[in-house]
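A short worksheet on the structure shown next.
The values are calculated or read from the model by the stated rules, or taken from the named source; none is laboratory data. Given the structure is predicted, the values throughout are model-derived calculations rather than measurements. All Cβ positions, even for glycine, are placed from backbone atoms using ideal geometry, and neighbour counts span all protein chains on display. SASA here: full protein model, heavy atoms, side chains in, ligands and nucleic acids out. Shrake-Rupley method; radii C 1.70, N 1.55, O 1.52, S 1.80 Å.
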Amino acid sequence: MLSRARILGLLLLPLLAGPDARAQQPGDLVNRGEYLARAGDCIACHTAPEGRTFAGGRAMPTPFGTLYSSNITPDRETGIGKWTTEDFYKAMHTGRFPDGGLMYPAMPFASYTKVTQADSAAIFAYLKSIPPVNQRNREHDLRFPYSNRQLILGWRTLFFTEGEYKPDPSKSDEWNRGAYLVEGLGHCGMCHSPINALGGTSQSDAFKGGLIPMQNWYAPSLTFNREAGLGDWSLKDIADLLKTGVSARGVVYGPMAEVVHNSLQYLTDEDTNAMAVYLKSIAEPTTRPAASSTALPTTESSLLISLGKTVYDARCASCHGAQGEGQPPHWPPLANNQSIEMESAVNAIRMVLNGGYPPGTEGNPRPYGMPPFAGLLSDNEVAAVVSYIRTAWGNRGAPVSAREANELRSVPLN
Amino acid sequence: MLLRVIIIGLGLGFFALTFPVSAQAPGQPPDTMAARVEACTPCHGNQGQGTSDVYFPRLAGKPAGYLYNQLLAFKNGRRKYPPMNYLLEYLGDPYLQEMADYFAEQRPPLPAPAANDVSKEVLQHGQTLVGRGDPARQIPACGSCHGPGLTGMEPGIPGLLGLRPNYISSQLGAWRYGTRTAKSPDCMQQVAARLTEADVTAVAAYLANRPAPVAIAPAPKGAYVLPFACGSEPD
């Protein structure tokens, strides 16, 4: 079967491959490809720290073992130098190597399948234009049984629907452009969807938020207004956040700082605005009840919250304000800040423990940072201050326990 | 007349205090590096003077080139300390240079020499290694690179004073085991590889025990010739 596919591929090759992209295509195709490769954030995975650009080799820990990203430079021996434009489209669209082999879904082909053939060709033309790097791909280090690639077939049956983005004629061009970027190249759903035990996202849960495996950051729901649903954000605030990393409503840290740093800051204002229009539109009306229930006994949580106010006034109020109003965009507001109120307190606890800098971007090259308090506050104080900010000033989050704070002291930071 | 000048002067002083002159927009954080590096201060102190945690180093007054190299190494993961790697990962290099310049310019006084519980002999051994090295084992004196006053040299060689013995010995250990590396030729790796555990303890105790010199600024670039090539201090 496989060999038949290969023969078929060889027969088709002369028809589909076409002449060398770099020699024949105008420079603007390469430029457009570079822009689209930014939108797809290819560099985040396909470049190792201090490694050569797009030469792969970045370790990507997963619950199933460690994957190593591949060399996508045009090196003929170790990269994709022998691939054709059609091979590349097939990889993006179907998640299969030119020989028909199955890609691990760490490659977001479930999103990239929505990318048009023309855009895929532009990205390929760009990748063909960068300097080739001779660097052999490192073998994946997956535990049995995940080392068996045939298992991917099962994953694909459950979670993969092949198909380019189909514009919704009832919506504006801008909305459709935003949807195309968010659902396709942006592959936002890779993090902003609940990841189940099989490492997949079911369609009905798209953009409903989830804890990112191994990183232990919570990627909030993009549809639920009590998380990062953007229904009551202005388009400007959404676009500011995507483009600069800071906004009047909140600031990005952690994995989202990477996305803004490597990808979103390079998008045109038109594309950022289109994403904002789409993201604002997918927010659903709040249907879930307010998360006021807590595992903590009432007396314990009221003691916590009174300690929390003491900690807050001493450590936090000088920047975030006595009423949690902050000094946006650089010192984010905590009052009416969804990322603090949402059901998962993971991000708020992590920020108190480890602090953080928003990404340096063209629009905000010298960001202000949040100090790490891991060395200054006890588990109890961390739990107290997070409980306080989650419940003060009209915020409607639930208190957290010292145990939750303690558990997050030891998670990997990067 | 003089009195009037004084009164006006006091008046201006009063106004200056009441309405501090700054570019700060209302409701915005101060547009200063001090405000931007607040994330550094719980571990390194407001002026980079260090804190009570013995493993967190003083930054103040170290050469900007040295501090910049460290910030880059943390950002790129070459120097491994997850809390630092995490903080710096997505910051631009020019901004890291500004942070380095900021801490290099700070001049808080050096702390009092650290108390230590090592014997006189150990301190004596440390003094010998720091001051003269051990030519038989090809160990240069610390001062031959870090300066006669151990205050370092612009742009890349750090001063060794104001650090706690725990920090010095942990860093020397990291060099020995290869978990801390620098640009090739990695001179500190070569030197540290020749040290024994006992040498490290002695050097750390002696350095932390030094009283502050009158001048704590690093020597200017090229003030003396290094005994061997060092990637962190290019010619």
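Between A:39, A:257, A:59, which gets the highest mean-square fluctuation from a Gaussian network model of chain A, Cα cutoff 10 Å?
Top of the fluctuation ranking is A:59.
Less than 14 Å Cβ to Cβ from residue B:207, Lys/Arg counted +1 and Asp/Glu -1: what total charge do the surrounding residues give?
Result for the neighbourhood of residue B:207: +2.
Give me the net charge for the shell around residue B:170: Cβ to Cβ below 14 angstrom, other residues only, Lys and Arg +1, Asp and Glu -1.
+3
If I take every Cα pair under 8 Å that is 6 or more residues apart in chain B, average their sequence separation and divide by the length, what percent do I get for the relative contact order?
It comes to 21 percent, rounded to a whole number.
Quick one: how many lysine pairs in chain A have C-alpha atoms under 16 angstrom apart, if they're 8 or more apart or on different chains?
Lysine pairs, 8 or more places apart or on different chains, close enough: 8.
Counting only GluC sites (Glu not before Pro) that are in a DSSP loop and have at most 10 other C-beta atoms within 10 Å, tell me the longest site-free stretch of chain A.
Result for the longest clean stretch: A:140-361.
Could you grab the relative contact order for the range B:120-208? Cα pairs under 8 Å, six or more apart, rounded to a whole percent.
Computed over the range B:120-208, the figure is 37 percent.
For the range A:109-158 and the range A:252-271, what is the centre-to-centre distance using only Cα atoms, to the nearest Å?
22 Å
Can you find, among A:324, A:355, A:161, the residue farthest towards the positive end of the dipole of chain A? Put +1 on the C-beta of Lys and Arg, -1 on that of Asp and Glu.
With unit charges placed on the Cβ atoms, the residue in question is A:161.
Can you work out ³J(HN,Hα) from phi for every residue in the range B:35-50, in order, using Karplus 6.51 cos²θ - 1.76 cosθ + 1.60 and θ = phi - 60°, giving whole Hz and x for Gly and Pro?
Coupling constants for the range B:35-50: 6, 6, 9, 4, 5, 7, 6, x, 9, 10, x, 4, 10, x, 7, x Hz.
Using a cut-off of 14 Å between beta-carbons, work out the net charge of the residues near residue A:263 (Lys and Arg +1, Asp and Glu -1, residue A:263 not included).
-3
Would you mind pulling out the separation of the Cα centroids of the range B:45-121 and the range A:211-238, in Å?
If you average the Cα positions of each part, the centres end up 35 Å apart.
Would you mind calculating the relative contact order of chain A from Cα pairs under 8 angstrom and at least 6 residues apart, reporting the percent as a whole number?
Over chain A, the number comes to 13 percent.
Got a number for the accessible area of residue A:299? Probe 1.4 Å, square angstrom, nearest 10.
For residue A:299, solvent-accessible area is about 100 Å².
Rounded, prolate or oblate: which one fits the range B:38-109, using the alpha carbon gyration tensor with axes a ≥ b ≥ c (rounded when a/c is under 1.5, else prolate when a/b beats b/c, else oblate)?
It is oblate, given that a/c is not under 1.5 and a/b is not larger than b/c.
For chain B, state what percent of all Cα-Cα pairs lands in each successive 5 Å bin, counting from 0 Å until the bin that includes the largest distance.
In whole percents, the pair-distance histogram is 1, 6, 12, 17, 18, 15, 10, 6, 4, 4, 3, 2, 1, 1, 0, 0.
Just check the protein assembly as shown against the gyration tensor rule for me: Cα atoms, a ≥ b ≥ c as the square roots of the eigenvalues, rounded for a/c under 1.5, and otherwise prolate or oblate depending on whether a/b exceeds b/c.
oblate
What full-extension length gain, to one decimal in nm, is calculated for residue A:299 and residue A:97 as 0.36 nm per residue of separation minus the Cα-Cα distance?
The residue A:299-residue A:97 span can extend by a further 66.8 nm.
Which of the cysteines in chain B are isolated, no other cysteine C-beta under 4.7 Å?
By the Cβ distance rule, which asks for a partner under 4.7 Å, the isolated cysteines are B:40, B:43, B:142, B:145.
Between residue A:170 and residue A:151, how many nm apart are label points set 7 Å from Cα along the C-beta direction?
Calculated label separation equals 4.1 nm.
Computed FRET efficiency, Cβ-Cβ of residue B:97 and residue A:362, R0 22 Å: what is it to the nearest 0.05?
FRET efficiency, residue B:97 to residue A:362: 0.80.
So, for the range A:52-164, what is the accessible surface per residue at a probe of 1.4 Å, expressed in square angstrom?
47 Å²
Using modelled amide H (1.01 Å from N, peptide plane; none on Pro or chain starts), what sits under 5 Å from the amide H of residue A:284, excluding residues fewer than 5 places away?
For residue A:284, whose amide H was placed from the backbone, the distant partners under 5 Å are A:224, A:225.
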